[in-house]
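Taking it in order: structure first as structure tokens, then the write-up.
Values in this text are rule-based calculations from the coordinates and carry no lab data. Fair warning: this is a prediction, and the values are worked out from it, not measured in the lab. Cβ coordinates were reconstructed from backbone atoms using ideal geometry, including for glycine residues, and neighbour counts include every protein chain displayed.
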Amino acid sequence: MIDLILTRYHYIAAILLLAIGLYMLIAIKNLVAKVIGLNIFQTGIFLFFITTGMVTGGAPPLLGPHAEGPFVSPLPHVLILTAIVVGVSLTAVALTLIVRIYAEYGSLREDIIREVRANE
Amino acid sequence: MISITEAVLLLLIIGTAIATMLLRDVLAAIITFAAYSLSMAVLWLLLRAPDVALTEAAIGAGVTTILFLVAISKTLRPSTDRVLRRVDWKVLVVVGLFATVMLLTVPGIPAIGDPAAPAVNNEQVSQYYLDNAYKETGVENAVTAVLAAYRGFDTFGEAVVVFTAGVAVLVVLKEEAFT
Amino acid sequence: MSADRRLRPYVESNVIMTVVRILSPFVLTYGLFVMFHGAESAGGGFQGGAIVAAMVIMLAFAYGMEPTRQWLSNRLIVLLMGGGVLTFAGVGLGAMVLGGDFLEYLEYGSVTASKYGIELVELSIGGIVSAALTGLFFAIVHGFEFKRGEEE
């Protein structure tokens, strides 16, 4: 059990981050805090992916003339680079929608917005 | 085996994430999220991923924090006397179940840093890219070679996604006459 | 109910203006450096584009949104964004015209031509990312001011 934790600690940390992000997404009423939770969820997944490509004592995947030894796998890095940029695009569009919602309803809390819509 | 640096960094990351979850004031949560993002950038460095560390520091701790701050800058912030949120127990139970189910899959994953793991030791994909990137494309950075040459079509799709996000923002804000 | 606080986004401060004026050429040069060095060491289009966008946003915070918006006209942002996508597509389709697959750099000639093709692609990605993030920021800020004028 202890041996399991000592050799797979990054995966456990990634799952904890997924749980924290999911809690923020579901339980918090403020819309901007939900988007923050979405970002924490995304970084948990990035941690999971980059840990799978890691080699102990390896070098970063820069193949200069002096580089030697086992390299870490470059494929997860490429995937996560794309995912980070797509994540910021997603955050930007979500925040724009929140700006429009605030202009229409005057509040950033989802229960108040739901009440206002139910009364219309 | 875990080193002291990694252990302290992981504690810092989990600590700032929990602080972001529990702080009631949204501005404080955004600043804590910037600290969390910068700690993640240092963790990418320890995991031998310098490209990802640069991107996370520039985009996560830079641009995302600025966008959040702009989004709440013109809204009213109700001042409160309580610092921490009230924890919702029902959601905590559901999230705990989710985390338990995911943690049950951890023993099936190979250990961290195992050189014989299938993600690293793959003859057709990872080892092929590392061996032939300089000969076939002329660049020394294996990540750029994979990004621009071997998997260039995905990168093209992603550049179009960024472009589409810009267009979507202009449409939602009714500013089609942007020029 | 206790009093509500409204944040003022633009604060005229001599410290911020001086620091940003001194830092901005160095940071913009660094962003361009990171974009160009994607082929040899860590870096590339995404990182350089994000650094340039963050620096332009810092300029907007220091000197006010409207002056920066007029200096960096909307047409330039749209040109960079559209030009970046077209350059990327052009490099890819050019390889198809010469008889290969999409983005097969070796059709352009030697391995050196392949490296220059990859550099051009990285620069176009940098242009797209920086223009898109800057345009997003200005659109959100302008959208706020527009709506507030409408309500009053």
Practice problem: State, to one decimal in nm, how far the label point of residue B:98 lies from the label point of residue C:111, with both points 7 Å from Cα in the Cβ direction. | Solution: 4.8
Practice problem: List the lysines whose Cα lies under 22 Å from the Cα of residue B:135, skipping any in the same chain that are fewer than 8 positions away. | Solution: C:115
Quiz prompt | Vicinal HN-Hα couplings computed from phi for the range B:91-104 (Karplus, 6.51 cos²θ - 1.76 cosθ + 1.60; Hz; Gly/Pro x) | solution = 5, 5, 5, 5, 5, x, 4, 4, 5, 5, 4, 5, 5, 5
Practice problem: Evaluate the charge dipole of the range B:115-179 about its Cα centre and quote only its size in Debye, nearest 20, assuming +1 on the Cβ of each Lys and Arg and -1 on the Cβ of each Asp and Glu. | Solution: 60
Exercise. Could you work out the Rg to Rh ratio of the range B:114-163, with Rh taken as the Kirkwood radius (inverse of the mean 1/r over all Cα pairs)?
Key: 1.07
Self-check item: Three-way shape call for the range C:14-151 based on the alpha-carbon gyration tensor, with the a/c threshold at 1.5
Solution: oblate
Quiz item: For the protein assembly as shown, with only Lys/Arg (+1) and Asp/Glu (-1) charged at the beta-carbon, what is the dipole magnitude about the Cα centre, in debye rounded to 20?
Solution: 1480
Quiz prompt | Unit charges on C-beta of K, R, D, E only; dipole of chain B, Debye | solution = 920
Quiz item: Can you give the Rg and Dmax of chain B based on its C-alpha atoms, in angstrom?
Solution: 21.4, 64
Quiz item: Tell me which lysines have Cα within less than 28 Å of residue B:90's Cα, excluding those fewer than 8 residues away on the same chain?
Solution: A:29, A:34
Self-check item: Sorted by Cβ density within 10 Å, fewest first, the residues A:29, C:115, B:135
Solution: B:135, A:29, C:115
Practice problem: For the range C:5-76, calculate the relative contact order in percent as a whole number, restricting contacts to Cα pairs under 8 Å that are 6 or more residues apart. | Solution: 31
Quiz item: For residue B:121 and residue B:27 in one chain, what is 0.36 nm times their gap in residues minus the Cα-Cα distance, to one decimal in nm?
Solution: 29.3 nm
Quiz item: Given Cα pairs under 8 Å that are at least 6 residues apart, what percent is the relative contact order of the range C:1-137?
Solution: 30
Self-check item: residue A:71 long-range amide H proximity, modeled H, under 5 Å
Solution: A:59
Quiz prompt | Long-range HN-HN contacts of residue B:77 with modeled amide H, under 5 Å | solution = C:5, C:7
Quiz item: For chain A, what does the alpha-carbon gyration tensor say about shape, rounded, prolate or oblate, given a ≥ b ≥ c as the root eigenvalues, a/c under 1.5 as rounded, and a/b over b/c as prolate?
Solution: oblate
Quiz item: Where is the GNM fluctuation largest for chain C (alpha-carbon springs, 10 angstrom cutoff): C:44, C:109, C:83?
Solution: C:109
Quiz prompt | Three-way shape label, the protein assembly as shown, alpha-carbon gyration tensor, a/c 1.5 | solution = oblate
Quiz item: What nm distance separates the two modelled labels at residue B:11 and residue A:105, each placed 7 Å from Cα along Cα→Cβ?
Solution: 4.2
Practice problem: Sort B:88, B:81 so that the residue with the fewest other Cβ atoms within 10 Å of its own Cβ comes first and the one with the most comes last. | Solution: B:81, B:88
Exercise. Looking at the protein assembly as shown, send over the antiparallel percent of its DSSP beta bridges, to the nearest 5.
Key: 75
Self-check item: For B:36, B:134, order by how many other beta-carbon atoms lie within 10 Å, fewest first
Solution: B:134, B:36
Quiz item: Do you know the relative contact order of chain A, to the nearest whole percent, from alpha carbon pairs under 8 angstrom that are 6+ apart?
Solution: 23
Quiz item: Taking the Cα atoms only, what angle lies between the long axis of helix C:74-97 and the longest principal axis of chain C, rounded to 10 degrees?
Solution: 20
